[in-house]
Amino acid sequence: MMAGAATRQEARFVLEPLAYTVEAEALARWVREAAPGSELRYAWGQVEPRTAAAWAMVQELTAAGLVTPLQRRADGQREWIIRKRAPVAVRVAAGRPDPAAAMLAHLTDCASRGLPCPTNAALAVALNLRDGDAARYLIRRLIVEGAIRVRHIGPRAPRLVTIVASGKCTAEARA
């Protein structure tokens, strides 16, 4: 070693996260329990926390029409907020007051009988709903509530729906 050589020192510092989010479980609980019009700050920071579970959940909730996303600036940072929307009004058959329960019963029947999952249009007709969009809304609502899991196989193939309570699944399309 040479005399007078500078010694190397390492700088140590801590980087704070660029964004924070609520836990996904807390977000799911809020969606179940909050009244329409209620707001929740689910993320805050300098950048969008796109890899967070709560961020992905909000994207699904927005697509399902359950929440409206909002964004604000406060104290030099961004805040991401959701506002719970009122349920979409749907027409249902007499004797079936809860459209989501009717949808779950129909999908359970299909799974029990080994049938493929009907299209949104066919579900709307079977359950006397306004249209296929109302059926899609109910499917997404059941997913968010944890009553069903859905796996998409590909275009032109029916989705596979698993009823969480029983573990039964709708069949793949028959050739």
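Below is a table of values for the structure above.
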{"item": "For a label point 7 Å along the Cα-to-beta-carbon line of SER166, residues of segment 105-120 with backbone N under 12 Å", "result": "105-115"}
{"item": "Simple Cβ-charge dipole of the chain, Lys/Arg +1 and Asp/Glu -1, about Cα centre, in debye nearest 20", "result": "440 debye"}
{"item": "Protection proxy ranking of 141-148, 165-172 - average other beta-carbon atoms within 10 Å, highest first", "result": "141-148, 165-172"}
{"item": "Value of Rg/Rh across the chain [Cα atoms, Kirkwood radius]", "result": "1.22"}
{"item": "Around VAL144: net Lys/Arg minus Asp/Glu count, Cβ-Cβ under 15 Å", "result": "+4"}
{"item": "CD proxy at 222 nm, helix term only [per DSSP H run n ≥ 4: -39500 (n - 2.57); per residue of the chain; nearest 500]", "result": "-9500 deg cm²/dmol"}
{"item": "Inter-label distance, nm, simple model (7 Å from Cα along the C-beta direction), ARG156/LEU115", "result": "2.4 nm"}
{"item": "Choice from VAL161, VAL67, VAL14 with maximal GNM fluctuation in the chain (Cα, 10 Å cutoff)", "result": "VAL14"}
{"item": "Accessible area (Å², per residue) of the chain, counting only protein heavy atoms and a probe of 1.4 Å", "result": "65 Å²"}
{"item": "Relative contact order [Cα under 8 Å, 6+ residues apart], the chain, whole percent", "result": "17 percent"}
{"item": "Pairwise FRET efficiency - ALA86 versus LEU15, Cβ, R0 = 45 Å, nearest 0.05", "result": "0.60"}
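The values are calculated or read from the model by the stated rules, or taken from the named source; none is laboratory data. Since the structure is predicted, the reported quantities are computational estimates derived from the model, not experimental observations. Please note: Cβ atoms are built from the backbone with ideal geometry, for glycine as well, and neighbour counts cover all protein chains shown. Side chains included, ligands, DNA and RNA excluded: accessible areas come from the protein's heavy atoms. Shrake-Rupley method; radii C 1.70, N 1.55, O 1.52, S 1.80 Å.
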